[in-house]
Number of protein chains: 2
Amino acid sequence: MLSQTMEYSLRAAVYLASQAPRSQSTRQIAKATKVPPAYLSKLLQALSRAGIVQSIRGVKGGMVLARDADDITILEVVNAVDPIDRITSCPLKLAAHGARLCPLHHRLDSALELVESAFRRTTLAEVLAEPTTSIPLCSFPVIAGPRRERAGKPRG
Amino acid sequence: MLSQTMEYSLRAAVYLASQAPRSQSTRQIAKATKVPPAYLSKLLQALSRAGIVQSIRGVKGGMVLARDADDITILEVVNAVDPIDRITSCPLKLAAHGARLCPLHHRLDSALELVESAFRRTTLAEVLAEPTTSIPLCSFPVIAGPRRERAGKPRG
DNA sequence: ATTAAATTGGATACACATGTCCAATTTGCA
DNA sequence: TGCAAATTGGACATGTGTATCCAATTTAAT
């Protein structure tokens with residue numbers, strides 16, 4: 001139901017958010033998130049085109065979150081790589097149809113709406129700020145580098 | 001997000017429900033629901049193995065709903081052909097993990113749960129009974145055959 | 001018994017999602 | 001200036017979902 005592509009992109013986005021505002025190379029991100037590096041490269045390109053991350057070329061380059069983590073929703077990330085397409089007209093294309101969906105597709109679309117809404121409600125910052133952080137989480141080695149500022153971007 | 005396979009299977013199931021308790025050949029179902037016949041055949045086999053439809057071989061054979069339409073949920077149909085698999089352990093398989101999901105995957109799984117619940121709440125009978133029936137719907141030619149009993153199965 | 005309508009299951013074909021590789025380019029740094 | 005680190009984009013490889021075809025089987029009706 002949820003594609004690998006979505007998964008990978010979200011891992012990368014969350015990881016970048018956790019490391020913001022420092023840039024990370026694709027290789028670093030791939031290692032931390034366990035995503036195939038070459039494939040991740042493509043996904044980051046898509047996120048870049050969508051204005052979610054920003055790429056920095058050349059030595060010391062890498063990827064950075066393009067905006068504050070609390071300004072990027074899960075939905076944005078997902079839609080950048082594998083858009084949720086809502087059902088807007090009956091897939092059967094019957095002549096008898098107006099714009100109204102049949103009961104079946106209406107329900108299916110409602111389900112899509114649920115997911116879309118849930119994804120829209122959550123920002124990367126919120127994922128990082130989760131109060132259950134004491135419990136084991138998908139712990140990318142949360143830092144180890146030189147002096148870090150708190151994830152979640154205090155500067156606002 | 002929702003696979004063709006799901007779509008097709010639901011169309012077939014809803015159609016069979018609308019025609020119950022009469023059996024329909026794969027060819028008939030395919031035509032009414034605009035699903036590729038050969039592919040539909042495979043899907044019906046899966047629904048049959050799942051106990052959702054019953055196959056009748058030989059001349060005058062076909063497919064029938066195996067149970068009352070109000071006893072079959074959308075979820076059952078979907079799970080028979082393209083199971084919604086909830087996230088039960090972190091896909092990253094980090095050593096630091098207990099059974100608890102990280103915040104990211106917890107949210108993703110919550111979204112899956114929303115869909116699963118929505119699908120579990122709706123039966124085929126409810127799809128057919130939708131009060132908006134006056135509005136154009138994915139109108140399979142709702143009968144034309146010999147004497148029919150009301151869809152929704154009056155006999156309880 | 002024969003025929004025709006129908007499902008079954010296997011083999012195959014095609015399309016798209018996933019994943020890899022590499023040459024070209026950009027750029028920080030010695 | 002030259003080198004090495006990094007992204008970019010295209011080409012290619014692989015895997016899985018989607019779709020087709022057909023021989024074998026079952027069975028109603030003649």
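Inter-copy label distances at residue B:36, shortest first and taken from points set 7 Å along Cα to Cβ: 2.4 nm.
With the cut-off at under 19 Å, measuring from each backbone N in region A:18-54 to a point 7 Å along the Cα-to-Cβ line of residue A:71 picks out A:18-24, A:47-54.
Distances between every pair of Cα atoms in region B:1-126, grouped in 5 Å steps from 0 to the bin holding the largest one, split as 2, 11, 19, 20, 15, 10, 8, 7, 5, 3, 1, 0, 0 percent.
Counting other Cβ atoms within 10 Å as a rough exposure proxy, the listed residues A:127, B:53 run A:127, B:53 from fewest neighbours to most.
Close amide H pairs (under 5 Å, H built 1.01 Å from N) link residue A:122 with A:74, A:75, residues at least 5 positions away or on another chain.
The amide H of residue B:53, built 1.01 Å from its N in the peptide plane, has B:48, B:66 as neighbours under 5 Å, considering only residues 5 or more places off or on other chains.
Residue of chain A with the Cβ closest to the rotation axis carrying A onto B, and that distance rounded to whole Å: A:114, 2. Give the separation of the Cα centroids, region B:1-52 to region B:55-88, in Å. Between the Cα centres of region B:1-52 and region B:55-88 lies a distance of 8 Å. In summary, region B:5-72 shows an alpha-carbon radius of gyration equal to 0.95 times the 2.2 N^0.38 Å reference for compact globular proteins.
Amide H contacts for residue A:25 (H built 1.01 Å from N in the peptide plane; partners 5 or more residues away or on another chain; cut-off under 5 Å): A:63.
Between residue B:55 and residue A:39, the C-beta separation translates, for a Förster distance of 51 Å, into a calculated FRET efficiency of about 0.75.
Coupling constants for region B:14-29 follow from the phi torsions by the Karplus curve (6.51 cos²θ - 1.76 cosθ + 1.60, θ = phi - 60°), and in residue order they are 5, 4, 4, 4, 5, 9, 4, x, 7, 7, 10, 6, 4, 4, 4, 4 Hz; glycine and proline get x.
All of the numbers you see were taken from the coordinates with simple rules; none came from a lab. Small disclaimer: the values here were computed from a predicted structure and weren't measured. Glycine gets a Cβ as well: all are built from the backbone with ideal geometry, and neighbour counts include every protein chain shown.
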